[in-house]
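Each remark here refers to the structure printed beneath this line.
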Amino acid sequence: MRTVHMIWSREVRAFVRAFSCGVSVAAFLAVAGWTFVMLMRRYEGSVLQVQTLWGLSVAPWLPLLSAVVTMRLFAEERASGMIELLLAAPLRERDLVIGKFLSALTIIAVALSVAVLVPALVLPSLCPAVQGLVRASALAATSFLLLAQASAWCAVGTLISVLFRNPAAAAVCAMVVCGGLPVASYAVVLAWMPSVRSGVAWMPLLAQVYDFSTGQFSTGVLILYGSITLFCLFACSKALACLRLRG
Amino acid sequence: MLEIDHISFSYGRRRVIDDLSFDVAPGEIVALTGANGVGKTTLLQILANLLIQDTGNIRLDGVDPLERPIRYRRGIGYLSEMCPLYDEMTVEAYLTYRVRLKGERTLRIRRRVSEALELCGLDKVGREPVRLLSQGYRKRLSLADALALRPKVLLLDDPLAGLDAQLRRRLGAMLSAISSRSAVVVAGHEIQEMLGWCTRVVLLRTGGSALFYRTGEHSREALTEQVGRQVAADTGEEEACVPST
């Protein structure tokens, strides 16, 4: 636990000092805010609630933010050679992976916390008509789901980061996997088996956001994201151990 | 203390280390040398548990790295050829972080860090950011990191590369001082300088075999010439690698 905490705190400090991290978080907040405004304009007068629109405006950008934040975790260490010192030190690969993963998740949680201020505080103060419409519990449930999704994206990004020496290549690969793969696989399933549409209707990520924001709390969805996270972190520690077998 | 017992290692079909055996006793400084690509770094990486040998066993005071890797690594200090460091930290913060990461008890951390800083002549630059250090100081900081926990064996990959003559002499003196508490295995090409402080030479040859020399049994000049000739034969250059005196 102490090792995990040490790695986490060092990585968070490195994130805070990294120019790329500040830029990517700022870009995420700007783009998510812009999407939120666009959705508010488009669905004005509809049955969609403010927290739903906020969740729908943030969710599509999370995979991209996760890919950029996680790209440097291991790829940078491999490029600089620091990975050798880490693997030669008396610490478990598991602790290394968890510490780095948690640091990336912390940055994303901070970005989400800043983003949630818009529907929770900024919007009600600017527009009195919205006051009382934003339910704190629904907003918390939406944020919780977004954090669960971010955790899965971060775990995938961390795994991809172990496989590359170049952080930019790791980011591109993570963006393709996190952003493109769920959409592509859903499209493939629907194209091959249109009859199962109702059975796999939970797959689109935005539908889950809609459900959570309207109070339909699903444990299955959380288990799905938890499983993806655990599997990727396990694979990540095994991939690190495999670096010892590269001969 | 460190027993290397019939180890072999290949990169794909290319055998780099073939049935190599030797021991490193406490207080010894073993120089690993040979032409480029003969497997000096590979051997050090195997000893540091960064690579796993195809066959054979390694033991450090009876501890097998494949069975108890954490305990084995606790007894090893490793200096990488690239000397990677976290540039955004200060010298002291970096060492403290590394010592903590390696699991040292909280009460001893400060003492270990100040000992290592003093031993490597870094006490005056403790508050400097790592990114401002010269190549020589970066090497010293990496060395301080490797020896801070008083490992049983220090594995140093090309520590003399990129240093001027004065720094090389200082590093040699430093290693002689360190050898009183840790055995040292040092890889490099600067055989003439290494002969000034090492107790044994392991000359790795193309194909994975090795030749062993005890420095006390040969004169420095004769050994330099002999090793240089073998390295030249391996690289296929008649007059290469015999350092001028």
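Identify all residues within region B:4-24 that are closer than 24 Å to B:SER176 by Cβ and open to solvent by 40 Å² or more (accessible area, probe 1.4 Å); write none if there are none. Residue satisfying the conditions is B:ASP23 alone. Restricting A:ALA109, A:ALA89, A:ALA129, A:ALA120 to residues that are open to solvent by 10 Å² or more (accessible area, probe 1.4 Å) and without any contact (Cβ under 8 Å) to a residue 12 or more places away in the chain narrows the list to A:ALA129. B:ARG105 falls short on exactly one of the conditions (1) within 14 Å of another protein chain (Cβ to nearest Cβ); (2) open to solvent by 20 Å² or more (accessible area, probe 1.4 Å); (3) within 22 Å of the chain's Cα centre (by Cα); (4) at negative phi, and that condition is (3). Every condition in (1) assigned to a helix (DSSP H, G or I); (2) over 18 Å from B:SER80 (Cβ atoms) is met by B:ARG150 except one, and the failing one is (1).
Residue by residue through region A:212-247, note down the ones that are among the aliphatic types (A, V, I, L, M) and within 19 Å of A:ALA138 (Cβ to Cβ). Break it down into steps so the answer makes sense when it comes.
Of region A:212-247, the ones among the aliphatic types (A, V, I, L, M) are A:221-224, A:228, A:230, A:233, A:235, A:239-241, A:243, A:245.
Once the filter is applied, which keeps residues that are among the aliphatic types (A, V, I, L, M) and within 19 Å of A:ALA138 (Cβ to Cβ), region A:212-247 yields A:VAL221, A:LEU222.
Listed here are the residues, each with its yes/no results for (1) open to solvent by 40 Å² or more (accessible area, probe 1.4 Å); (2) among the hydroxyl-bearing types (Ser, Thr, Tyr); (3) free of Cβ contacts under 8 Å to residues at least 24 places away in the same chain; (4) touching a strand residue (DSSP E or B) at 6+ places or on another chain (Cβ under 9 Å).
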{"residue": "A:ARG17", "(1), (2), (3), (4)": "yes, no, yes, no"}
{"residue": "A:GLY33", "(1), (2), (3), (4)": "no, no, no, no"}
{"residue": "A:GLY45", "(1), (2), (3), (4)": "yes, no, yes, no"}
{"residue": "A:PRO60", "(1), (2), (3), (4)": "yes, no, no, no"}
{"residue": "A:LEU65", "(1), (2), (3), (4)": "no, no, no, no"}
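Taking the conditions exactly as written (among the hydrophobic types (A, V, I, L, M, F, W, C), open to solvent by less than 20 Å² (accessible area, probe 1.4 Å), closer than 24 Å to A:LEU233 by Cα and touching a helix residue (DSSP H, G or I) at 6+ places or on another chain (Cβ under 6 Å)), does A:ILE98 satisfy them or not? No, not satisfied.
B:ALA48 fulfils the conditions (1) open to solvent by 10 Å² or more (accessible area, probe 1.4 Å); (2) at the interface with chain A (Cβ under 10 Å from one of its Cβ atoms) except for a single criterion, (1). The set of residues in region B:68-85 that are within 8 Å of chain A (Cβ to nearest Cβ), more than 11 Å from A:GLY81 (Cα to Cα) and either assigned to a strand (DSSP E or B) or among the hydrophobic types (A, V, I, L, M, F, W, C) (or both) comprises B:ILE70, B:ILE76, B:TYR78. Right, B:ASP158: open to solvent by less than 10 Å² (accessible area, probe 1.4 Å) and of a type in the set (D, E, K, R) or not? Taking the combined requirement at face value, the residue does not satisfy it. Take B:ILE70 and decide whether it is of a type in the set (Val, Ile, Thr), without any contact (Cβ under 8 Å) to a residue 60 or more places away in the chain and surrounded by fewer than 18 Cβ atoms within 10 Å (Cβ to Cβ). It is true that B:ILE70 is of a type in the set (Val, Ile, Thr), without any contact (Cβ under 8 Å) to a residue 60 or more places away in the chain and surrounded by fewer than 18 Cβ atoms within 10 Å (Cβ to Cβ).
Applying the condition of being touching a residue at least 40 places away in the same chain (Cβ under 8 Å) and open to solvent by less than 30 Å² (accessible area, probe 1.4 Å) to region B:130-140 and asking which residue is nearest to the chain's Cα centre (by Cα) yields B:LYS139. List the residue pairs whose Cβ atoms are under 8 Å apart, where the first residue sits in region B:160-178 and is assigned to a loop (DSSP other than H, G, I, E, B), the second is hydrophobic (A, V, I, L, M, F, W, C), and the two are 6 or more positions apart or on different chains. Listed pairs, sorted by first residue: B:LEU160/B:LEU171; B:LEU160/B:MET194; B:LEU163/B:LEU171.
A single member of A:GLY215, A:GLY247, A:GLY179, A:GLY199 is touching a strand residue (DSSP E or B) at 6+ places or on another chain (Cβ under 7 Å) and modelled with pLDDT under 80, and it is A:GLY247. Entry remark, region B:13-44: residues being without any contact (Cβ under 8 Å) to a residue 60 or more places away in the chain and under 16 Å from the mean Cα position of the chain (by Cα) number 2 in total.
How many residues, within region A:140-169, are among the hydrophobic types (A, V, I, L, M, F, W, C) and over 16 Å from A:LEU240 (Cα atoms)?
Our first condition is that a residue be among the hydrophobic types (A, V, I, L, M, F, W, C); within region A:140-169, this holds for A:140-141, A:144-148, A:150, A:152-156, A:159-160, A:162-164, A:168-169.
Filter once more, keeping what is over 16 Å from A:LEU240 (Cα atoms): A:140-141, A:144-148, A:150, A:152-154, A:168-169.
Summing the residues that are among the hydrophobic types (A, V, I, L, M, F, W, C) and over 16 Å from A:LEU240 (Cα atoms) in region A:140-169 gives 13.
For region B:162-188, the set of residues classified as surrounded by fewer than 18 Cβ atoms within 10 Å (Cβ to Cβ) and over 19 Å from B:LEU122 (Cβ atoms) consists of B:ALA165, B:SER180, listed by residue number. Scanning region A:228-247 for residues that are open to solvent by 30 Å² or more (accessible area, probe 1.4 Å) and within 18 Å of the chain's Cα centre (by Cα), we see that the one that is farthest from A:ALA89 (Cα to Cα) is A:ILE228. Screening B:ILE4 on (1) more than 25 Å from B:ILE178 (Cβ to Cβ); (2) more than 9 Å from chain A (Cβ to nearest Cβ); (3) part of a strand (DSSP E or B) shows it passes everything except condition (1).
Among the helices (runs of 4 or more DSSP H) contained in region A:1-112, which hold 3 or more residues that are away from chain B (no Cβ under 14 Å)?
Working: elements: A:2-17, A:19-42, A:50-58, A:62-70, A:72-80, A:82-88.
Of the helices (runs of 4 or more DSSP H) lying wholly inside region A:1-112, those with at least 3 residues that are away from chain B (no Cβ under 14 Å) span A:19-42, A:50-58, A:62-70.
Residues of region B:89-96 include at least one that is out of contact with any helix residue (DSSP H, G or I) (no Cβ under 7 Å at 6 or more places or on another chain), at the interface with chain A (Cβ under 10 Å from one of its Cβ atoms) and at pLDDT 90 or above.
The values are calculated or read from the model by the stated rules, or taken from the named source; none is laboratory data. All of these numbers come straight from a predicted model, not from anything done at the bench. Counting neighbours? That spans all protein chains shown, and the Cβs are built from the backbone with ideal geometry, glycine included. Keep in mind that these areas ignore ligands, DNA and RNA; they rest on the heavy atoms of the full protein, side chains included. Shrake-Rupley method; radii C 1.70, N 1.55, O 1.52, S 1.80 Å.
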